[in-house]
Amino acid sequence: MFLSVFDVFKIGIGPSSSHTMGPMSAAVRFLDEIAGPDWVRPAGAHVSAIKASLHGSLAFTGIGHGTGRAVVLGLTGQLPDQVDPDLMESIIAEVERTRRIAPPGHPEYEFDPAVDLVFDKKHPLPGHANGMTFTAHDGDGVMLLKRVYYSIGGGFVVTDTELEALKQVDQTKADKSVPYPFAYAKEMLDMAARSGLSIAQMKRANEEAHTSPEELDAGLDRIWDAMSGCIDRGLSGEGIMPGGLKVRRRARVLHDKLEEEWRLNRRNPLLANDWLSVYAMAVNEENASGGRVVTAPTNGAAGVIPATIRYMLRFHDGADTQSVRDYLLTAAAIGGIIKHNASISGAEVGCQGEVGSAAAMSAAGLAAVMGGTPEQIENAAEIALEHHLGMTCDPVGGLVQVPCIERNALGAVKAVTAASLALKGDGQHFVPLDACVETMRQTGLDMNERYKETSTGGLAVNVVEC
C-alpha cells in the first residue's frame, strides 16, 4: 500500500497523534457515518444522542493526552488540521455547559462529556491498544448504530473491519500504482542502483504518480512552514505546561542564552547539541501545551525532524528550500518502511517506534542533503534506529512531557551523530536497516504492556508527581 509523504507528515494539534489527532478524526468519521447511507435505520428512528468509550491505552493515558477533549472537538465537527487552537477551550466549555453538540450539517445531539464519554480501563478492544467505540441512540436510548475505530499511530484511524483488511494484505506484493514500489530498505537500495536515482527522486516520482509536481512542492513547503512555525511559537512560550505536573517551559530561556553566546562569539564545544536540543524542546513544549504540530511521524516524536531541519538550515551553507523538500521526501521513504514492517505507535512498540523512528527518518534526511549515497542514507537510518531499540513509552502522569520533551532533544542529537557516522563510511555496514526494523517489531511484541504508553510502569510509577 502506497504511503504518501502527506500520510507520514500530518498537520494537527498536540499532545498526541494517536491519542488526540486519531480520536478526533474518528469522531468526525462517526458523524459522517451517521449522515451516510451505509447503515439501516429502523422506520421512523432518528439519532438523538451520541456516546463514546475509550479503551486500552486511550483509557489509561487519555486524560493526560487530551483524548477526551479531542473526542469532544471531533464530535463538534472540528478537524485536526483546521481547528483553531485559540478557540478549542471555548468550544469544549460550551459542550460541557449545554450537554449537547451541534456539528455542521447535523441536528443537535445530546452529549454530556461527564457521562457519555467513558474511559474504560477494564475492557481493551481486540484489534489494537488504541481502541474506541462510538454509538448513536434514539430518543428512548435505543442504540441505532455502533462503530469501533482504532488509532494506529501517526494520526491514522481505521475501523475494525479496515484493520482486519490491513492484516490480510500481502505485504510482499509490490504497489503497482507507483513507479518505484519499495516496501523494504533492500528493495529501495536495489531500485536506486538500477535507476541511478536518489531516494528522494524515487519518492518524488512515486508521489507525482498521485499528484502534480506543483501540488507536491506546495504541500512539502506547507509541512515545513507548520514545523518551523511550531519551533518559533515554542521558542516564545513561557510558563507552566498544562496537566498538573507543573513542568515549566524551558526552550525560550535556553534559546536566549544561546543567542547571547552567539552574539559574543564564545567558543562552545556543545554548540551543535545545544541548538538541536532547544529546537526540539520548543516543538515538544508546544505539543505538550496542545498547540499546532506536525506528526513526524507522531506528535510524541514531533520535535526531532524539525529540530534537525532548522539546524541544517542554520549551519549547512548549501541548505535551501529544495534541500528541505529532499529531506522530507527521504525521511518519508524511511518512515514508510518502518510503518509498513513494524510500527510507529508507542502503544504498540514503545517509544522506540516513535522517537526511534523519528531519529532514523531524520538521520536519513540529513544524510541525503549532505550528499550521501543511498547506501549511506540507509546506514544513517539504521544507526539511529538501532540505538533506540528497547526504548519504553512511560510518560509520567500520562502527559507528553516527562520524559518525552527531552527525549526528542536526545533523538535529534542521535540523528545528527548517526548521519555523520554514516557519511564518513562507504555505506557498507553490518546490520541492515530491514533487520533493525524487524528487531524493533519483535522487541515491541515482547515488551510488557506496562511500558507501552499505559503509564503503569517505568518512570510513570517511579517518579512522585508534584
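The values are calculated or read from the model by the stated rules, or taken from the named source; none is laboratory data. What you see is a predicted model, and the numbers here were worked out from it, not measured in a lab. Note that each Cβ is placed from the backbone with ideal geometry, even for glycine, and that neighbours are counted across all protein chains shown. Only protein heavy atoms, including side chains, enter the accessible area calculation; ligands, DNA and RNA are left aside. Shrake-Rupley method; radii C 1.70, N 1.55, O 1.52, S 1.80 Å.
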*Tally the residues that are over 23 Å from Asn287 (Cβ atoms), of a type outside the set (Asp, Glu) and touching a Leu at 6+ places or on another chain (Cβ under 8 Å), restricting the search to the stretch 135-167.*
5
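Results for (1) over 22 Å from Gly22 (Cα atoms); (2) crowded, with 24+ Cβ neighbours inside 10 Å; (3) touching a residue at least 24 places away in the same chain (Cβ under 8 Å), shown as yes or no for each residue.
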{"residue": "Phe315", "(1), (2), (3)": "yes, no, yes"}
{"residue": "Ala332", "(1), (2), (3)": "no, yes, yes"}
{"residue": "Gly346", "(1), (2), (3)": "no, yes, yes"}
{"residue": "Gln352", "(1), (2), (3)": "no, yes, yes"}
{"residue": "Ala360", "(1), (2), (3)": "yes, yes, yes"}
{"residue": "Ala364", "(1), (2), (3)": "yes, yes, yes"}
{"residue": "Glu382", "(1), (2), (3)": "yes, yes, yes"}
{"residue": "His388", "(1), (2), (3)": "yes, yes, yes"}
{"residue": "Pro395", "(1), (2), (3)": "no, yes, yes"}
_In the stretch 410-437, residue least open to solvent (accessible area, probe 1.4 Å) [restricted to those that are more than 20 Å from the chain's Cα centre (by Cα) and of a type in the set (D, E, K, R)]_ = Asp434
_Answer residue from the stretch 1-26, given it is in a loop (DSSP other than H, G, I, E, B) and of a type outside the set (Lys, Arg) and is most open to solvent (accessible area, probe 1.4 Å) among those_ = Met1
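Conditions (1) open to solvent by 70 Å² or more (accessible area, probe 1.4 Å); (2) touching a Phe, Trp or Tyr at 6+ places or on another chain (Cβ under 7 Å); (3) modelled with pLDDT under 95, marked per residue:
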position	(1), (2), (3)
Glu214	yes, no, no
Leu220	no, no, no
Ile223	no, yes, no
Ile240	yes, no, no
Lys257	yes, no, yes
Trp262	yes, no, yes
Asn265	yes, no, yes
_Condition check for Ala332: touching an Asp or Glu at 6+ places or on another chain (Cβ under 9 Å), within 24 Å of Gly196 (Cβ to Cβ) and at pLDDT 95 or above_ = yes
*asked:* Restricting to the stretch 168-212, name every residue that is touching a residue at least 40 places away in the same chain (Cβ under 8 Å), within 25 Å of Gly372 (Cβ to Cβ), open to solvent by less than 60 Å² (accessible area, probe 1.4 Å) and not aliphatic (A, V, I, L, M).
replied: Pro181, Phe182, Ser198, Lys203, Arg204, Asn206, Glu207
*asked:* Out of everything in the stretch 278-311 that is of a type in the set (Val, Ile, Thr) and assigned to a helix (DSSP H, G or I), what residue ends up being farthest from the chain's Cα centre (by Cα)?
replied: Val278
*In this structure, is Arg69 open to solvent by 10 Å² or more (accessible area, probe 1.4 Å), of a type in the set (Lys, Arg) and out of contact with any Asp or Glu (no Cβ under 9 Å at 6 or more places or on another chain)?*
no
